[in-house]
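Okay, so here's the structure we're looking at.
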Amino acid sequence: MSLELFKTLSIKNESKIVFLVIDGLGGAPHGQYEYKTELEASQHPNLDQIAKEALCGLAVPVDYGVTPGSGPGHLALFGYDPVKYLIGRGILEVLGLGMKITPNDLSFRGNFATITKDGIVVDRRAGRISSEETKRLIEKIQNNIKQINNVEIILKPGKEHRFAGVFRHPDLSEEITENDPHKEGNRPHKIQPITDSKKASFTAEVVETFIEKTAELLKDEPKANYILLRGFSKYPNIPTMQQIYKLTPVAIAVYPMYKGLAQIVGMEIIDGCETIKDEIEKLKQLYEKDYDFYYVHIKDTDKLGEDGNFEGKVKKIEEIDKLIPEILSLSPDVLVITADHSTPSVTKGHSWHPVPVAIWSKKVPTPKNNVKRFTEEEFSKGILGTIYMTKILPLAMAYAGKFDKYGA
């Protein structure tokens, strides 16, 4: 279905929708833990109760077998075709960090990394150095590298080992490769133009020179002695959730990338949260305001999955479960609990596995289902079946009474 159809059907009412996105929630059987997933191994009675009362199933973020990034996964959650609306990670990070963008800016996301003298990446996250350490390193780079070939370079530190920035010049192109090898034990890639255009060649030369100069500057650092850049992108042209769904949406998130994505689709951004508890408290504070769509993003489950920390992810799910009653105390008209993608500990990264999705509504009871627990296997029995992730928001809109009838 097209967004234009949803635009004609959407109506404004007083119903409130809460989207709780538990990043990387889905898992896969782990041989060291009795072939259970993290959801199967954890105790989460509140999530289980929701599963018994909700419309349950599994959601495919992009397509079968396709492993999504966080950007495509979230766009699908918000009802956008993630193939048609492909947004670079860089612009999301830059906006999320509050940086100002001009039409001449090429945004990017960066990681500090550890590289050997032989040029092999041994840690893509530089041991997850502290945010304070990243701030020091960014100041060091910014003070020494301000321009290359008249291209202005503007950097800003993010959370832990992450940072973002822009190259500012009228002749820059998104059509360049990245240097991140995505796995340890490999050499960084060389930045190269994807097309034959002069702008692409010029941009690749500038970025490669910046990486080389930065590597020289960082060569004596014990951990963060290299940078990996990806997500080169300019500001996209995308319709907002207000325009399509007539929603008044707000985003509650900790990490910049998710704030940036929310900003692009028209959400108001709320700052001041550092923990999951902070986010739930902020949701409670904002619930009586005039918003009708609350996006609450929880990052820690994804991070623990990427670290291969099965037990840590289990404990985090149990921690989140204890906060579910605080959300239900607000009496949302519709509560959606899902993820943007799966991050199984066994794969130590994003995966193609479908993610659990529960759509709970106080107004419209769901048909009885056979789901007893909030797990992947149980949700495979749910009446929702396996759907594309782009269908979740339209279903939530319907349960909230925010769609008019189609046709006579």
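The values are calculated or read from the model by the stated rules, or taken from the named source; none is laboratory data. Since this is a predicted model, take the numbers as computed values, not measurements. Every residue, glycine among them, receives a Cβ derived from its backbone with ideal geometry; neighbour counts consider all protein chains shown.
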Exercise for the section: Identify all residues within the range 16-66 that are in contact with a Ser or Thr (Cβ under 6 Å, 6 or more places away or on another chain) and more than 20 Å from Arg373 (Cα to Cα); write none if there are none. Expected result: none
Practice task
Go over the candidates Leu106, Leu92 one by one and state the one that is within 15 Å of the chain's Cα centre (by Cα) and either crowded, with 23+ Cβ neighbours inside 10 Å or modelled with pLDDT of 90 or more (or both).
Solution key: Leu92
Exercise for the section: Tell me the strands (runs of 3 or more DSSP E) entirely within the range 9-123 that contain at least 1 residues that are touching a Lys or Arg at 6+ places or on another chain (Cβ under 6 Å), assigned by TED's automatic domain parsing to the domain that holds Thr134 and of a type outside the set (Lys, Arg). Expected result: 105-115
Practice task
Restrict the check to the range 36-57 and report whether at least one residue is modelled with pLDDT of 90 or more, farther than 30 Å from Glu319 by Cα, buried (at least 23 other Cβ atoms within 10 Å of the Cβ) and in contact with a Leu (Cβ under 8 Å, 6 or more places away or on another chain).
Solution key: no
Exercise for the section: Answer yes if at least one residue in the range 344-353 is among the charged types (D, E, K, R) and under 20 Å from Lys36 (Cβ atoms), and no otherwise. Expected result: yes
Exercise for the section: Could you list, in sequence order, all residues of the range 112-126 that are at positive phi, surrounded by fewer than 21 Cβ atoms within 10 Å (Cβ to Cβ) and within 27 Å of the chain's Cα centre (by Cα)? Expected result: none
Exercise for the section: Please list, ordered by first then second residue, the pairs with beta carbon atoms under 6 Å, 6 or more apart or interchain, first in the range 75-95 and in contact (Cβ under 8 Å) with a residue 24 or more places away in the chain and closer than 22 Å to Val250 by Cβ, second basic (Lys, Arg) and crowded, with 22+ Cβ neighbours inside 10 Å. Expected result: Glu93/Arg109
Handout entry: Selection count where residues are closer than 23 Å to Pro256 by Cα and out of contact with any helix residue (DSSP H, G or I) (no Cβ under 8 Å at 6 or more places or on another chain), scope the range 59-74
Key = 2
Practice task
Under 7 Å between Cβ atoms, at least 6 apart or on separate chains: pull out the pairs that start in the range 42-61 with a residue that is closer than 20 Å to Thr386 by Cβ and end on any residue that is assigned to a loop (DSSP other than H, G, I, E, B) and among the hydroxyl-bearing types (Ser, Thr, Tyr).
Solution key: Ala54/Thr366; Leu55/Thr366; Leu58/Ser380
Practice task
Return yes when Leu335 is among the hydrophobic types (A, V, I, L, M, F, W, C) and assigned to a helix (DSSP H, G or I) and no when it is not.
Solution key: no
Practice task
May I ask you to list the residues in the range 292-322 that are outside any helix (DSSP H, G or I) and buried (at least 19 other Cβ atoms within 10 Å of the Cβ)?
Solution key: Asp292, Phe293, Tyr294, Tyr295, Val296, His297, Ile298, Lys299
Exercise for the section: Confirm whether Lys146 is more than 12 Å from Asn111 (Cβ to Cβ) and either buried (at least 21 other Cβ atoms within 10 Å of the Cβ) or in contact with a strand residue (DSSP E or B) (Cβ under 9 Å, 6 or more places away or on another chain) (or both). Expected result: yes
Handout entry: Test for Pro249: is it over 25 Å from Ser345 (Cα atoms) and outside the structural domain of Leu155 (by TED's automatic domain parsing)
Key = yes
Exercise for the section: Considering every residue within the range 368-382, establish whether at least one is aliphatic (A, V, I, L, M), in contact (Cβ under 8 Å) with a residue 40 or more places away in the chain and touching a helix residue (DSSP H, G or I) at 6+ places or on another chain (Cβ under 7 Å). Expected result: yes
Fill in the blank from the handout: Among the residues of the range 371-408, the number that are surrounded by fewer than 17 Cβ atoms within 10 Å (Cβ to Cβ) and of a type in the set (Ser, Thr, Tyr) is 4
Problem - Scope the range 349-370; condition more than 12 Å from Ile50 (Cα to Cα), crowded, with 23+ Cβ neighbours inside 10 Å and of a type in the set (A, V, I, L, M, F, W, C); matching residues - result: Val355
Exercise for the section: Could you run through the range 368-389 and say how many residues are in contact with a strand residue (DSSP E or B) (Cβ under 9 Å, 6 or more places away or on another chain) and part of a helix (DSSP H, G or I)? Expected result: 4
Fill in the blank from the handout: Pairing a residue in the range 266-292 that is farther than 11 Å from Val254 by Cα with any residue that is hydrophobic (A, V, I, L, M, F, W, C) and part of a loop (DSSP other than H, G, I, E, B), where Cβ atoms lie under 6 Å and the two sit 6 or more apart in sequence or on different chains, gives Ile280/Leu323; Lys282/Cys273; Tyr287/Leu330; Asp292/Leu247
